[in-house]
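**Q** Quick one: the structure is below, questions incoming.
The values are calculated or read from the model by the stated rules, or taken from the named source; none is laboratory data. Note that the structure is predicted; figures quoted are calculated from it, not measured. Ideal geometry is used to build each Cβ from the backbone, glycine not excepted, and the neighbour counts take in all protein chains shown.
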């Protein structure tokens, strides 16, 4: 054991861990639970030993320790600080002593199935990494700070507060601020949709739109079909609802129609959730013909389509394609969009467009979830959209993203191992990487974090724990210099991981997606 | 038939309605469906005939027509304009023609049970009336517009945008903006609670806090005990979750301990939801002894307590009582609060304080519902709380509410029929009225709306459709003159309703709450 000098706590921690390989509890969980029992509640927020050292000390595989730490991170008990290590979260609250007459078992078992479902925590994992302010981040999925229209938005806030004062600080309509709903409907009509303001509901980001749509249409046990991989936020919501998530593999143009047809026949899903444009995380875009095929299949099988169109305004090349929503006339497609990715994530404003029968149900859920999104934010956003020069802002942002995308692609050409495959996206904020089978990007993620580089692990986007050899790299947030040095580091770590595989492993690159 | 001249559309509507009293569908629903079939989708937004006239024309009880209109309002198909009448909602979207190959039955039946449960729409009903800007409103439950700290809040927004710019327009931590969580925890400690910032989660108003707490702890079929009547928002969330809502009658000090004990024994509920201070809608406050009894009962039955403390800072008389959360040391009590009622409804900021095991689950749901509340709003609020003179603002607001409460009480003494019973609240924004049994406040609500006066119907706060003879009157929003004239009108209408009851009806006043 080579614990650092000056880490008596860490040393004590290690000594206190006893592993029982015969137990029902997985080893990683035994480690996590015992670390928690020792370290929890201490005022000092003690440091955990580095994973490599603890693995050596306990005589287990390092990935097991990584899994244990990851479990503790997800449980909120420890926090990782890039480049510094992992620490217990400070807590000065009284220890969880049971009340008189109540056993320690009062809470456990008392949670709803919704929050106990595996996978519900994945979005939180992705989000925590994405919003970390440390190191070089290729994990974020939002606009670069210097590309936020801060000043123009400030002017808009100022104007609505001055002119509308108390009105925008009062309760507003559940479905949203009327002028903003109008603006969104008008914008949708520009892309050929038959949208009207009274069919548009404003939500707290597209995440709430996804969540409310799924909740209105999916009962426990219902099947929902989606691309595999897909957006973690959609996957986590479906977990919480106890839905059967049916992942359909993709080809270069998105979801495979042959396999989609089979999934629709076999599983009779309530919903098909797709991202036809700049699919997150693979960046693939359905051509017009593919869109038509997917739509026809869904309609034939009486399956409602949820179209998540988060990236529409972030096209860097090529021309806009019609949305499924426009192609279908809004009859079987619900359309979701957001201002977070193109403008201001902190506003938390997105929307869903739906025909009346569905809209009324969505409204019921919006009402019970939060009585409507802040009027002040909606009014300020609308003002900015009308007066603030959003088009020239977007043009500037796209220019910057194009530059950064190209910089990242160039860096990958220079530094990535020859076995790595990566997408060259025509839009959006990130690209998608596949490494040879057998390379574990969860482990790579730990390596990289210790070197101050963050990315998004591919497993978190997959339906059934596939995609172990994949990762997502955001180019929108890091500076050009950071892109160069971060990709250089990643390339080096990827190469190490590739050569560390057993000699027998082939260099084949799969997406790790299960065959239906 | 005495339809107004110049209402050819209305006349045509009436002629098209055919009632089949032998059908399975209730008459009110037959009327609603047929009106919808005739009037839906028209570009003009036609006007519905007055309820009295349609009732006469169809030869049905007026309450049946009222129910039909109410159903259409709740379905979003028509909209009431106080003093002007009821109109179809304008819609220029294409009529709901099914796609080729898809029957008209594609959508119905495709919704989740969550949104089809009876009662889920009640919050939307209450909210729509409460946020109507027409007539004299005793239906709102929020601060008066002139009592919002608009200017001071504007200064705070300005400051955080200037100083923190991009930071507060980016994604933030799921649990909330750290300084605001600190402020809330510090404030809770002032009331004797052992709260820490890392146990406080910021939500979009207390509505989201309630919704997330219930969702984390309640599975379909689980029993939840609450006061009857109770807050509509809590009732509607429980409907959506398919929970068994067990309403326990109250006495002058709140929930009755003898009946609570019985409910806990019989139903073994997962949660007890209570508002110990200025209970909404009855305004009753539990004394310290009652609080202790309720808490002990819950702990003895291993039942988690959800304490909704929305009105704490709106005390107009008397001294603060300890919260259940403080009394219990936060072990079995989750504590919910909000800035909407005391400061700025439009911000949509509330919170929940919970011990770690629960907190982690709440966080999972907050993440999947919206990835966290807008940082800009949280930062501006925190700035205002620290620098903006919140204490003197609250003192001014309380003074104004005291004046309005007393004005409303005086007006009731002058104008209310002698059989009316009403509360004299020590805090909050409204008072609670009970009329003699047999008086239907749903019908009174229609009468009053036609005279330009709005209030909240008692049935919407009751677990099982009880409380038909009750109503809630908000004093915080109307001006003193509006209070005088609105209560005069209401008094007159109440008297009419009372004398219109059958001669046989006694003047007994009950709360209409079911015996357990």
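**Q** Filter segment B:147-163 down to residues that are in contact (Cβ under 8 Å) with a residue 40 or more places away in the chain, within 17 Å of residue B:374 (Cβ to Cβ) and facing chain A (nearest Cβ under 9 Å) and give me whichever is farthest from the chain's Cα centre (by Cα). Walk me through how you get there before you give the answer.
**A** Of all residues in segment B:147-163, those in contact (Cβ under 8 Å) with a residue 40 or more places away in the chain come to B:147-149, B:152-153, B:155-157, B:159-161.
Remaining after also requiring within 17 Å of residue B:374 (Cβ to Cβ): B:153, B:156-157, B:159-161.
From what is left, the residues that are facing chain A (nearest Cβ under 9 Å) are B:153, B:157, B:161.
Working: B:153: 26, B:157: 29, B:161: 33 Å.
It comes out as B:161.
**Q** Something else about it: Here are A:287, A:330: which of them is crowded, with 24+ Cβ neighbours inside 10 Å and outside the structural domain of residue A:424 (by TED's automatic domain parsing)?
**A** After ruling out the rest, the residue left standing is A:330.
**Q** Can you go through A:372, A:337 and tell me which one is outside any helix (DSSP H, G or I) and at positive phi?
**A** The unique qualifying residue is A:372.
**Q** Can you find even one residue in segment A:272-294 that is outside any strand (DSSP E or B) and at pLDDT below 95?
**A** Checked against the condition, which is being outside any strand (DSSP E or B) and at pLDDT below 95, segment A:272-294 yields no hits at all.
**Q** Quick check on this structure: which one of A:175, A:166, A:170, A:139 is in a helix (DSSP H, G or I) and either at the interface with chain B (Cβ under 7 Å from one of its Cβ atoms) or in contact (Cβ under 8 Å) with a residue 24 or more places away in the chain (or both)?
**A** Selected residue: A:166, the only one of A:175, A:166, A:170, A:139 that is in a helix (DSSP H, G or I) and either at the interface with chain B (Cβ under 7 Å from one of its Cβ atoms) or in contact (Cβ under 8 Å) with a residue 24 or more places away in the chain (or both).
**Q** Taking residue B:307 as meeting all but one of (1) part of a strand (DSSP E or B); (2) touching a residue at least 60 places away in the same chain (Cβ under 8 Å); (3) buried (at least 24 other Cβ atoms within 10 Å of the Cβ); (4) under 20 Å from the mean Cα position of the chain (by Cα), write down the number of the exception.
**A** (2)
**Q** Next question, about the same structure. Which members of segment A:364-390 meet the condition of being more than 7 Å from every other protein chain (Cβ to nearest Cβ) and within 15 Å of residue B:115 (Cβ to Cβ)?
**A** Within segment A:364-390, A:366 is the sole residue that qualifies.
**Q** Being farther than 30 Å from residue B:404 by Cβ and not assigned by TED's automatic domain parsing to the domain that holds residue B:434 narrows it down to one residue among B:305, B:319, B:274; which is it?
**A** B:305
**Q** Tell me, yes or no, whether segment A:345-359 has at least one residue that is more than 9 Å from every other protein chain (Cβ to nearest Cβ), in a helix (DSSP H, G or I) and under 30 Å from residue B:119 (Cβ atoms).
**A** no
**Q** Conditions: (1) within 14 Å of chain B (Cβ to nearest Cβ); (2) in a helix (DSSP H, G or I); (3) touching a strand residue (DSSP E or B) at 6+ places or on another chain (Cβ under 8 Å). Residue A:409 meets all but one. Number of the miss?
**A** Only one criterion is unmet by residue A:409, namely (1).
**Q** Within segment B:252-259, is even one residue within 9 Å of chain A (Cβ to nearest Cβ), within 23 Å of the chain's Cα centre (by Cα) and part of a loop (DSSP other than H, G, I, E, B)? Spell out how you get there, then give the answer.
**A** Going residue by residue through segment B:252-259, those that are within 9 Å of chain A (Cβ to nearest Cβ) are none.
Among the residues of segment B:252-259, not one is within 9 Å of chain A (Cβ to nearest Cβ), within 23 Å of the chain's Cα centre (by Cα) and part of a loop (DSSP other than H, G, I, E, B), which makes the answer no.
**Q** Restricting to segment B:184-199, give me the number of residues that are surrounded by fewer than 19 Cβ atoms within 10 Å (Cβ to Cβ) and outside any loop (DSSP other than H, G, I, E, B).
**A** Of segment B:184-199, the ones surrounded by fewer than 19 Cβ atoms within 10 Å (Cβ to Cβ) are B:186-187, B:189-192.
Add one more test, that the residue is outside any loop (DSSP other than H, G, I, E, B), and what stays is B:186-187, B:189-190.
Adding up the residues that qualify gives 4.
**Q** State whether the residues of segment A:43-60 include one that is surrounded by fewer than 16 Cβ atoms within 10 Å (Cβ to Cβ), at pLDDT below 70 and touching a helix residue (DSSP H, G or I) at 6+ places or on another chain (Cβ under 8 Å).
**A** Yes, segment A:43-60 contains at least one residue that is surrounded by fewer than 16 Cβ atoms within 10 Å (Cβ to Cβ), at pLDDT below 70 and touching a helix residue (DSSP H, G or I) at 6+ places or on another chain (Cβ under 8 Å).
**Q** Can you tell me which residues in segment B:415-434 are outside any strand (DSSP E or B) and touching a helix residue (DSSP H, G or I) at 6+ places or on another chain (Cβ under 9 Å)? Step through it out loud before you land on a result.
**A** Initial filter on segment B:415-434 (outside any strand (DSSP E or B)): B:415-420, B:423-426, B:428-429.
Hits for segment B:415-434 are B:415, B:416, B:417, B:419, B:420, B:424, B:425, B:428, B:429.
**Q** Still on this structure, I have one more. In this structure, does residue A:233 turn out to be modelled with pLDDT under 95 and not assigned by TED's automatic domain parsing to the domain that holds residue A:460?
**A** no
**Q** Can you give me the number of residues within segment B:200-246 that are assigned to a strand (DSSP E or B) and either crowded, with 24+ Cβ neighbours inside 10 Å or at the interface with another protein chain (Cβ under 8 Å from one of its Cβ atoms) (or both)?
**A** Going through segment B:200-246 one residue at a time, the tally reaches 9.
**Q** Can you work out which of the residues in segment B:111-136 that are more than 7 Å from every other protein chain (Cβ to nearest Cβ) and without any contact (Cβ under 8 Å) to a residue 40 or more places away in the chain is farthest from residue B:450 (Cα to Cα)?
**A** My answer is B:116.
**Q** If you don't mind, another one. Sort through A:215, A:284 and tell me the only one that's over 18 Å from the mean Cα position of the chain (by Cα) and at negative phi.
**A** Working: A:284 fails: over 18 Å from the mean Cα position of the chain (by Cα).
One residue alone meets the criteria, A:215.
**Q** Give the residues of segment B:423-442 that are farther than 16 Å from residue B:461 by Cα and surrounded by fewer than 20 Cβ atoms within 10 Å (Cβ to Cβ), sorted by residue number.
**A** Across segment B:423-442, the qualifying residues are B:424, B:426, B:437, B:438.
**Q** Go through segment B:461-482 and count every residue that is buried (at least 24 other Cβ atoms within 10 Å of the Cβ) and assigned to a helix (DSSP H, G or I).
**A** Adding up the residues that qualify gives 1.
**Q** Quick check: is even one residue across segment A:456-464 touching a helix residue (DSSP H, G or I) at 6+ places or on another chain (Cβ under 7 Å) and under 18 Å from residue A:415 (Cα atoms)?
**A** No, there is no match, as no residue in segment A:456-464 is touching a helix residue (DSSP H, G or I) at 6+ places or on another chain (Cβ under 7 Å) and under 18 Å from residue A:415 (Cα atoms).
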